[in-house]
Structure formats: structure tokens, C-alpha cells
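Down below is the structure, laid out as C-alpha cells.
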Amino acid sequence: MATTSEKSKSLESWIWDAACSIRGAKDAAKYKDYILPLIFTKRLCDVFDDELNRIAKEVGSRKKAFQLAKADHKLVRFYLPLLPDDPEQPVWSVIRKLSDKIGEGVTTQMRAIARENPLLQGIIDRVDFNATTHGQRDLDDDRLSNLIEAISTKRLGLEDVEADIIGKSYEYLIRKFAEGSGQSAGEFYTPPEVGTIMSRVLAPEPGMTVYDPTCGSGGLLVKLETAMEEKRRADIPVRQSKTKGGLENPPSFAPLKLFGQEYVPETWAMANMNMIIHDMEGQIEIGDTFKNPKFRDKSGKIRTFDRAIANPMWNQDWFTEADYDADELDRFPAGAGFPGKSSADWGWTQHILASLNDKGRAAVVWDTGAASRGSGNAGTNKEKTVRQWFVDHDLIESVLYLPENLFYNTTAPGIVLFLNKAKPKERKGKVFLVNASQVFEKGDPKNFIPDAGIQRIADTLIGWKEEEKLSRIIDHTELKKNDYNISPSRYIHTSDAETYRPIAEIVEELKVIEAEARETDKALANILKQLGV
């Protein structure tokens with residue numbers, strides 16, 4: 001009998017082969033907006049078939065089961081208005097048997113499914129499979145037919161593949177698309193090992209609310225749910241061994257309540273599909289979180305959560321001081337506020353902090369420069385001022401320095417900043433720094449952190465375990481002496497020869513300094529012009 005790992009690899013191979021059936025691996029990522037909804041719909045169809053079969057056993061026939069499901073949609077999770085000529089045939093056959101005007105037919109069927117299921121509106125019906133550009137079909141019927149046939153070769157029902165396996169395979173497909181998407185991949189995908197470390201350290205508990213303000217394809221939210229479930233399963237044998245006679249059935253536990261917001265419509269749809277296909281229920285809103293966060297409480301103030309996790313686009317430079325000043329949600333407190341136009345990293349961090357309840361914790365991924373820009377420079381620096389505010393208010397629990405070339409839209413290493421609004425007494429006045437820059441293996445096209453490395457990093461962060469050339473506990477007084485530089489690379493050298501900071505970090509810092517100088521020169525020129533000088 002195939003193991004869970006073997007089943008997962010088999011499904012991953014199939015799902016990638018199906019994606020490549022259009023035009024080969026090189027161009028597969030270009031068609032993700034077509035491929036993902038079709039595989040998602042195949043899963044919906046096969047699960048709907050399973051539910052119809054269950055009803056048919058009770059009422060005597062599939063024909064009656066179709067009639068009952070049509071009359072009462074509550075009998076199934078999603079009602080699909082796809083009725084084969086022969087009720088014994090799978091509902092997917094309605095799509096598979098399309099032979100003329102296939103693009104138009106698929107689009108019609110997708111929109112019919114969405115009309116019957118409000119939860120799917122805007123998710124599977126936003127793509128026009130018949131779309132053209134300058135009179136040329138974006139995806140012609142021949143290639144679409146090949147894709148449908150490739151997807152048809154494997155059944156994705158409840159008895160064929162567990163939600164966890166299909167979910168992991170779907171995430172695998174998203175990762176493969178990221179590999180072929182170049183710079184744009186960072187907008188929707190975070191390397192899985194980074195998400196796993198973040199979620200294990202945050203250690204969400206059953207029933208907690210979790211939030212991602214820039215959720216992309218929803219991968220980080222899924223990671224939090226997965227981490228919670230894995231920890232609970234690991235705890236069951238321990239509890240059983242302590243109970244006389246053990247437990248006949250493992251205890252049930254409440255799932256996390258998942259909340260996310262995403263700006264790009266196609267990515268928002270991807271996140272919703274990812275949630276559903278993982279069999280996780282979440283609320284994903286669409287819109288610009290920075291200017292219009294959708295999650296509010298009854299009084300209109302920003303809603304707070306138990307955990308927050310995020311990987312916003314790094315160094316966004318299109319938010320102005322006016323955007324911060326116009327905020328009516330108290331996200332940018334006095335003493336912190338505007339971090340400068342060159343980078344909104346600490347602006348996003350302030351939004352995430354404001355989204356935490358009194359005992360909330362968060363993890364956010366940033367460019368390494370966010371930990372050090374402005375430190376050691378003469379004069380004031382807005383970004384350093386915000387960083388100092390976070391240190392002085394004892395909100396930073398730890399900082400993780402990641403290996404280089406993990407992320408799909410950059411070769412820069414990146415850091416993970418962990419916040420805690422209720423730090424334990426023994427950790428107050430201190431920050432835990434981990435330099436994991438050497439904990440990786442070479443990969444193609446990207447490096448990766450192996451399972452043992454993930455476990456090592458997570459255990460180190462959770463236990464605040466100091467280890468030479470890896471981790472250190474730093475007092476706030478030492479941070480102050482170093483002008484509020486919180487980069488682990490400043491305090492932890494990974495080899496005897498290493499005496500300099502990473503070049504990528506210095507280059508990014510210089511870019512910001514140059515941008516600030518240009519802004520200052522521009523402001524000075526305006527003042528001199530007004531004075532008539």
C-alpha cells in the first residue's frame with residue numbers, strides 16, 4: 001500500500017504533468033490562471049460525486065440523489081449544476097466531453113457553478129477561457145482540450161486523496177509556478193520552509209484567530225493551520241501514555257479561524273482556492289490593506305487577532321507621509337509613524353502590531369536592510385527611529401537572518417521579525433538573534449533549508465537556545481550602543497574569517513540613503529526657491 005509520502009509525490013507528478021500539457025514546463029507558469037481553477041474544479045466535481053453516491057445509497061439511485069441535491073443544496077458542501085446525460089457518469093464528464101467551442105463551454109460551466117455557490121463567486125468564474133488578444137485566442141481549444149484530458153486522468157475524490165495531500169500538491173503546483181514567474185513570484189508565494197519556521201515559532205493554539213494582511217496565495221495561513229494540527233497530533237501519544245489504558249479516540253480540537261487580505265484579484269482567487277482545496281475555512285478579503293484594511297470591529301476600528309503572519313512586498317516606495325497622517329485607525333503611533341518614503345517595511349510592521357490583541361504574536365518577513373538601515377549614520381533616520389520605538393517598547397522578541405537565494409523574486413537573504421505583545425518576564429529587555437545564513441543546501445533554481453535545518457532553527461527560536469555562530473541573546477543596552485541595529489549578522493559571525501556585513505545588505509542601505517538624500521535636496525531646493533535664493 002502506498003505511503004502518504006508516495007501518494008503525495010505521485011499526485012505532484014501528475015499535477016505538474018497536467019500543467020505542462022499546454023506548452024511544456026517552460027511556459028506553464030504563464031497559464032496558471034487557467035490551470036489552477038480547472039484542477040480546483042476537478043476536485044469539486046469528484047467530491048460532489050462522492051457526496052451524490054453517499055445520498056444514492058440511502059435513496060436508491062444517483063438520479064434521485066441529483067434531484068435531492070438540486071432541491072436542497074445543504075446536502076452537499078458545493079452544489080454543481082453539471083448534469084451528465086447519464087446520471088451514473090461523473091459530473092466532470094460534462095466538461096471533459098466538450099468538443100466544440102471548448103473555451104466558451106468551460107467558461108459557461110464555471111460561471112454556472114459560481115452562480116449556485118456564492119462562496120465561489122469571483123474565484124472560479126473570473127477567468128474567460130475563450131479570451132483573445134488582438135484576435136488571437138490566449139489559450140486555443142486544442143491546448144485547452146489537452147489540459148482537460150490530462151487533468152481527467154486522476155480522480156481527486158474523498159476516497160482517492162485526502163484534503164491534506166491534494167492541498168500539499170496544489171501548493172507544490174503554486175511553487176512550481178513561482179519558479180517560472182521570476183520577479184512577480186514574490187507577490188504570491190513564500191518559500192515553504194520559511195513559512196514552516198514562522199508557523200512553528202508562532203505556535204497557534206486551537207480556535208485562535210490568525211491574520212495575514214498581504215496573504216498572496218494563502219500559503220502562510222495554511223502553514224499556521226498545518227503547524228497547529230501537527231503539534232496536536234504529536235501531543236496525542238504523550239497524553240495517551242499518561243492516561244491509564246490510553247484513549248480510544250484522539251480528542252477533537254477547534255480549527256484556526258483564518259483571515260487574509262490580498263490586493264491582486266487573481267491572487268485573491270488563488271488564495272480562496274488554496275483554502276478550500278486544503279479543506280480549511282477562511283475569510284479572504286480583496287483590496288489594499290495599507291490604505292483600506294477590510295477587517296474592522298463593530299466600532300470601525302481595526303480588528304485584532306491572536307496571531308499575525310506576513311511577507312509583504314519589500315521596500316515599497318509608493319506610500320507617502322500623507323498616507324500615514326491620513327490614517328484614522330491609530331496604526332502609526334507618535335514616536336514611530338512615517339518610516340520614510342523609500343521603504344514601507346516598518347509601516348507594514350506597525351499595521352501588523354496594531355492588528356494584534358493584548359497577547360498577540362506576529363512574524364513578518366523583511367529585507368535585511370530593515371534591521372539596520374540608518375544605524376551608525378550621522379543625524380536622524382526615520383526608519384531607525386521607528387525601529388528604536390519597537391525596541392524601547394519591548395515588542396521585538398527575536399530576529400532571524402535567513403540564507404540567501406531562498407526567495408523567488410530576489411537573491412537577497414531576508415529576515416524574519418518576531419513580535420510579542422506579552423513577552424515573558426524573563427525575556428523582557430532582551431532580543432534573541434539567530435543568524436541562520438549558513439543553514440541551507442544548494443538547489444536549482446533556488447537554495448532551500450532542509451528538514452533538519454528547519455527543525456534546528458525553529459527549536460532554537462522557540463527555546464531561546466544560544467549557540468556559537470548561530471544565536472545570541474542581546475540586551476537592549478547593547479542594541480542601543482549599536483544605534484538600534486537589530487540585524488543578527490551584526491552580532492553573530494558565522495565563520496572566523498567573517499568580519500564584514502553582507503554586501504547585499506550594505507547595497508540596499510546605500511540605496512535608501514541615496515533616496516533620502518534626493519528627497520532632502522528636493523525639499524531644500526523648494527525652500528530656497530520660496531526664499532528667492
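The values are calculated or read from the model by the stated rules, or taken from the named source; none is laboratory data. In this text, all values refer to a predicted model and were calculated from it rather than measured experimentally. Note that each Cβ is placed from the backbone with ideal geometry, even for glycine, and that neighbours are counted across all protein chains shown.
Quick notes
- In segment 1-42, residue modelled with the highest pLDDT [restricted to those that are assigned to a helix (DSSP H, G or I) and basic (Lys, Arg)]: 42
- Residue in segment 178-196 that is touching a residue at least 12 places away in the same chain (Cβ under 8 Å), among the β-branched types (Val, Ile, Thr) and touching a strand residue (DSSP E or B) at 6+ places or on another chain (Cβ under 9 Å) present: yes
Rundown of residues vs (1) surrounded by 16 or more Cβ atoms within 10 Å (Cβ to Cβ); (2) of a type in the set (Val, Ile, Thr); (3) free of Cβ contacts under 8 Å to residues at least 12 places away in the same chain, yes/no style:
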| site | (1), (2), (3) |
| --- | --- |
| 275 | yes, no, no |
| 280 | yes, no, no |
| 287 | no, no, no |
| 291 | no, no, no |
| 297 | no, no, yes |
| 302 | yes, yes, no |
| 308 | yes, no, no |
| 313 | no, no, no |
| 317 | no, no, no |
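- Condition met for residue 156 (closer than 22 Å to residue 217 by Cα, modelled with pLDDT of 95 or more and surrounded by 22 or more Cβ atoms within 10 Å (Cβ to Cβ)): no
- Those helices (runs of 4 or more DSSP H) lying entirely in segment 320-416 with at least 2 residues more than 21 Å from residue 301 (Cα to Cα): 382-392
- Any hit, segment 120-143, residues being assigned to a helix (DSSP H, G or I) and either farther than 23 Å from residue 35 by Cα or of a type in the set (Ser, Thr, Tyr) (or both): no
- Positions within segment 438-463 being of a type outside the set (A, V, I, L, M) and touching a helix residue (DSSP H, G or I) at 6+ places or on another chain (Cβ under 7 Å), in sequence order: 440, 445, 448
- Boolean, residue 394 is surrounded by fewer than 22 Cβ atoms within 10 Å (Cβ to Cβ), in the same structural domain as residue 420 (by TED's automatic domain parsing) and on the phi < 0 side of the Ramachandran plot: no
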